[in-house]
1. Got a sec? Which of SER122, SER72 is at pLDDT below 95 and out of contact with any Gly (no Cβ under 6 Å at 6 or more places or on another chain)?
2. Would you point out which residue out of LEU97, LEU89, LEU82, LEU18 is farther than 21 Å from SER114 by Cβ, more than 9 Å from the chain's Cα centre (by Cα), not in a helix (DSSP H, G or I) and not small (Gly, Ala, Ser)?
3. If GLU31 satisfies every condition in (1) without any contact (Cβ under 8 Å) to a residue 12 or more places away in the chain; (2) out of contact with any Lys or Arg (no Cβ under 8 Å at 6 or more places or on another chain) but one, which is the exception?
4. Scan the stretch 24-66 residue by residue and report those that are at pLDDT below 95 and among the hydrophobic types (A, V, I, L, M, F, W, C).
5. Output the qualifying pairs, or none if there are none: Cβ atoms under 7 angstrom, residues six or more apart or on different chains, first residue in the stretch 102-114 and more than 13 Å from VAL46 (Cβ to Cβ), second residue of a type outside the set (Phe, Trp, Tyr) and in a helix (DSSP H, G or I).
6. Scan (1) over 11 Å from the mean Cα position of the chain (by Cα); (2) buried (at least 16 other Cβ atoms within 10 Å of the Cβ); (3) among the charged types (D, E, K, R) for the single condition LYS12 breaks and write down its number.
7. Go through ARG105, ARG127 for me and flag whichever is modelled with pLDDT under 95 and closer than 18 Å to ILE50 by Cβ.
8. Restricting to the stretch 35-70, give me the number of residues that are basic (Lys, Arg) and closer than 15 Å to ARG5 by Cα.
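The values are calculated or read from the model by the stated rules, or taken from the named source; none is laboratory data. Not measured: the values here are computed from a predicted model. Note that we place each Cβ from the backbone using ideal geometry, even for glycine, and neighbour counts take in every protein chain shown.
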Amino acid sequence: MKDYRRLDVWAKAHALTLSVYRETRSFPSDERFGLTSQIRRAAVSVPSNIAEGRGRSSDAEFARFLHIAAGSLNELEYQCILSKELGYLALESADRLIQECADVRRMLAGLLQSLSQSTGTSVTNFR
């Protein structure tokens with residue numbers, strides 16, 4: 001079985017998830033079942049889909065899960081922007097999380113490109 005924990009992109013996405021959890025602790029209590037829950041779910045989805053895809057039997061299936069992770073990453077990035085504009089995240093914290101999203105996105109794109117070259121299939125560019 002392929003170990004997802006050896007993937008740099010998984011480690012970076014996991015670190016991003018931990019950052020999101022730390023930053024959202026101070027969100028308003030009335031957002032506990034709203035934005036707080038949603039932003040955390042989106043964050044968890046990124047490394048979770050990388051891990052799930054890594055355990056699949058083919059590179060094509062792995063790529064499909066990487067695309068799902070990328071979609072969740074876009075959702076997370078938007079929610080960071082929204083949280084900043086609502087005043088729930090400090091400017092510096094939001095900008096750092098958004099930069100971490102961009103870093104993970106680049107890593108996902110690189111991994112997808114590598115899979116594409118090894119399998120001879122095309123991938124969608126989501127940078």
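1. Numbers: SER72 fails: at pLDDT below 95.
The match here is SER122.
2. The match here is LEU89.
3. (1)
4. The one that is at pLDDT below 95 and among the hydrophobic types (A, V, I, L, M, F, W, C): ALA60.
5. Here the result reads LEU112/ALA63; LEU112/LEU66, each pair linking the stretch 102-114 to a residue that is of a type outside the set (Phe, Trp, Tyr) and in a helix (DSSP H, G or I).
6. For LYS12, the failing item is (1).
7. Step by step, each of ARG105, ARG127 is checked, and only ARG127 is modelled with pLDDT under 95 and closer than 18 Å to ILE50 by Cβ.
8. So in the stretch 35-70, the residues basic (Lys, Arg) come out as 40-41, 54, 56, 64.
Now narrow it down to the ones that are closer than 15 Å to ARG5 by Cα: 54, 56.
Total satisfying the criteria: 2.
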